[in-house]
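Read the structure below first, then the notes.
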Amino acid sequence: MAQPPPRTRMTGTQRRAQLIEVARGLFAERGYEGTSIEEIAQRANVSKPIVYEHFGGKEGLYAVIVDREMETLLEMITSSLATTRSRHRVQQVALALLTYMEERPDGFRILARGGGSGDGENATYSSLLNDAVSQVEHILGTDFERRGFDRKLAAMYAQALVGMVSMTAQWWLDVREPAKEVVAAHLVNLCWNGLTRLEPDPQLVTADYVEPVKRTVNPERAKQS
């Protein structure tokens, strides 16, 4: 009877990387509370003391994974903000989030789900969205001032825009179509064209409200005039 191949001995760095990879998949699948040290050790084919030796326990391992995922996502989003043109910046931020989800779906599910007793101390997806809101608020505030709008309203619009991008991105993570570039283009289309037609003092309308008909100019007639 053939003997099983001998187990390859890993270095400390290799073992740590393996445990992070295994735990990330389990946390994404079952959440923090639904994952145990026993399961992580079993799937990594090690004993529980090995996990404790490297991370001190489940909370420590979870914190390392969250920190790494946040660092990766923040780096991608920060890089996307390098452009100075506002519309291109919105487009690149949307693409950065979609690309992160495409490349690291387990990591995103961990960030979006939250959990873990250290959430109050560690950066989470919610805190990342708050950072994004601050960035968008700054961009909109400058634009609102230029157009004579109340700059204070930029905070509300920033929340709406970031929420729209975030929720659409989470939907796309499940359906994976259309292509991320198409999704980003449509998000920017809605954001940008909606912003360019903002009313300075919007009011609630009644049920019998009729949208005023906008006159369209015949291109041929415009040429003749």
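Exactly one residue out of GLY194, GLY163 is modelled with pLDDT under 85, surrounded by 11 or more Cβ atoms within 10 Å (Cβ to Cβ) and not β-branched (Val, Ile, Thr): that is GLY194.
Scoring ILE65 on the criteria (1) touching a helix residue (DSSP H, G or I) at 6+ places or on another chain (Cβ under 7 Å); (2) among the β-branched types (Val, Ile, Thr); (3) more than 26 Å from ASP174 (Cα to Cα) leaves a single failure, condition (3). Any residue at all in the range 65-76 that's more than 18 Å from ASP131 (Cβ to Cβ) and surrounded by 14 or more Cβ atoms within 10 Å (Cβ to Cβ)? Yes: the range 65-76 contains one or more residues that are more than 18 Å from ASP131 (Cβ to Cβ) and surrounded by 14 or more Cβ atoms within 10 Å (Cβ to Cβ).
I'd like to check something: does the range 102-109 contain any residue that is in a helix (DSSP H, G or I), modelled with pLDDT of 90 or more and over 30 Å from GLY60 (Cβ atoms)? The answer is no, given that none of the residues of the range 102-109 is in a helix (DSSP H, G or I), modelled with pLDDT of 90 or more and over 30 Å from GLY60 (Cβ atoms).
Conditions tested, residue by residue: (1) closer than 22 Å to ARG113 by Cβ; (2) part of a helix (DSSP H, G or I); (3) at pLDDT 95 or above.
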position	(1), (2), (3)
ALA2	no, no, no
PRO5	no, no, no
ARG15	no, yes, no
ALA23	yes, yes, yes
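From the set of residues in the range 57-86 that are outside any helix (DSSP H, G or I) and without any contact (Cβ under 8 Å) to a residue 40 or more places away in the chain, which is farthest from the chain's Cα centre (by Cα)? Checked the range 57-86; the qualifying residue farthest from the chain's Cα centre (by Cα) is GLY57. Among the residues of the range 87-97, not a single one is modelled with pLDDT of 90 or more, assigned to a loop (DSSP other than H, G, I, E, B) and closer than 15 Å to TRP172 by Cα.
The values are calculated or read from the model by the stated rules, or taken from the named source; none is laboratory data. The structure presented is a predicted model; accordingly, all values stated were derived computationally and were not measured. Cβ atoms come from the backbone with ideal geometry, glycine included; neighbour counts cover every protein chain shown.
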